[in-house]
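Heads up: the structure comes next, in structure tokens.
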Amino acid sequence: MTKIKMKHAATVEETFKDFLTSRKVKGLSEKTLKTYTFHLQAASKHLDIHTDITDLKKQDLDNMISSMRDSGLSTNAINSYTRTFKSFFSWCNSEGITGLNIKLYKTEETVKETYTDAELKILLKKPDTRKCTFAEFRDWVIINFLLNSGCRAATVRAIQIRDVDMDNRIVYYRHTKNKKAQVIPLCTSMTAILREYLKVRGGEPSDYLFCAEKGTQLTEAGLRQSIVRYNQRRGVQKTSIHLFRHTFARKYLIDCGGDAFTLQRLLGHSTLNMTKHYCAIYDADITKNYDRLSPLAQIKGDNTRIKMGK
């Protein structure tokens with residue numbers, strides 16, 4: 001008689017693959033799935049992912065974090081890894097695989113360096129359209145657009161010509177991180193810039209607004225490299241596309257007097273959490289107009305003077 005062999009529980013690695021499949025079915029982007037895979041590979045240096053998932057203990061996860069710290073990983077990197085594992089174990093819990101979970105590792109609050117006004121003036125200086133290449137003109141328009149909207153690079157790449165409504169001065173976002181439809185206003189200057197750009201760019205309504213020189217969609221690497229070259233040619237060493245998003249948030253809150261709720265809508269945040277983060281690191285909103293909003297200032301008025309006793 002053939003003996004029935006006991007099936008062993010799946011390993012952490014095997015279970016993680018099932019988790020990735022479930023996230024793919026749920027509609028997570030390929031970029032997010034790749035990030036999850038990278039995080040598992042990075043964590044495998046500090047955790048035996050060939051262990052049966054049911055044998056994994058809290059101490060193993062504590063040891064993993066301790067090993068990450070000892071290896072010199074930044075607090076933000078450890079936080080990213082624990083965030084992925086928290087999602088993974090939450091899924092495992094819902095599937096009845098294990099009751100184990102992990103707490104998010106606390107990050108350090110850092111202030112992102114943004115583009116200075118001096119750097120922005122250099123980057124926003126219009127190139128001579130009689131002499132420059134299409135790529136240089138396009139990159140100049142893109143940087144203007146990033147400072148008009150604060151959108152992500154993936155959103156820039158996905159905008160089609162038909163998404164721009166010049167008459168109403170708005171643009172529809174076809175691609176957003178949370179996959180929700182979004183409408184963003186265009187200032188008068190941005191509308192004029194886009195009108196001029198489209199005369200040069202041409203194309204059909206379904207074509208991508210910011211395209212490669214052959215008219216095809218810009219790749220992620222192509223857009224990033226173009227901005228790097230554009231900035232460096234102008235003597236600006238900062239080259240991050242995402243830094244324009246931080247710059248937009250800082251200038252909107254501090255220099256332009258914007259409010260957190262509108263910024264949340266402009267940046268496409270599902271909740272106020274990330275927007276609050278911007279407000280906190282830039283000391284915005286909370287200090288704005290505080291002489292008018294402070295109960296103490298309201299009671300005492302503006303003419304309170306300190307009188308020294310004899």
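The values are calculated or read from the model by the stated rules, or taken from the named source; none is laboratory data. Values in this document were obtained by computation on a predicted structure and should not be read as measured data. Backbone-built Cβ (ideal geometry, glycine too); neighbour counts: all protein chains shown.
Overview of results
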| quantity | calculated |
| --- | --- |
| Breaking point among (1) hydrophobic (A, V, I, L, M, F, W, C); (2) within 14 Å of T15 (Cβ to Cβ); (3) outside any helix (DSSP H, G or I), for W91 | (3) |
| Qualifying residue in the range 151-167 (condition: in contact with a His (Cβ under 6 Å, 6 or more places away or on another chain), surrounded by 15 or more Cβ atoms within 10 Å (Cβ to Cβ), modelled with pLDDT of 90 or more and polar (S, T, N, Q)) | yes |
| Residue count for the range 16-36, restricted to those that are closer than 28 Å to R69 by Cα and either at pLDDT 95 or above or of a type outside the set (V, I, T) (or both) | 8 |
| K106, sole failed condition from (1) surrounded by fewer than 11 Cβ atoms within 10 Å (Cβ to Cβ); (2) outside any loop (DSSP other than H, G, I, E, B); (3) touching a residue at least 12 places away in the same chain (Cβ under 8 Å) | (2) |
| Candidate set: the range 199-239, residues that are hydroxyl-bearing (S, T, Y) and under 25 Å from the mean Cα position of the chain (by Cα); chosen: the one farthest from T155 (Cα to Cα) | Y230 |
| Verdict on V228 being in the same structural domain as R169 (by TED's automatic domain parsing) and touching a residue at least 12 places away in the same chain (Cβ under 8 Å) | no |
| Extreme residue, nearest to L266 (Cα to Cα), among residues of the range 234-244 that are surrounded by fewer than 21 Cβ atoms within 10 Å (Cβ to Cβ) and not aliphatic (A, V, I, L, M) | H242 |
| Helices (runs of 4 or more DSSP H) contained in the range 118-205 and holding at least 1 residues more than 18 Å from S226 (Cβ to Cβ) and aliphatic (A, V, I, L, M) | 188-201 |
| Unique residue being among the charged types (D, E, K, R), surrounded by 12 or more Cβ atoms within 10 Å (Cβ to Cβ) and in contact (Cβ under 8 Å) with a residue 40 or more places away in the chain when the list is D55, D48 | D55 |
| Flag if H269 is in a loop (DSSP other than H, G, I, E, B) and modelled with pLDDT of 65 or more | yes |
| Checking R69 against (1) touching a helix residue (DSSP H, G or I) at 6+ places or on another chain (Cβ under 8 Å); (2) touching a residue at least 12 places away in the same chain (Cβ under 8 Å), the condition it does not meet | (2) |
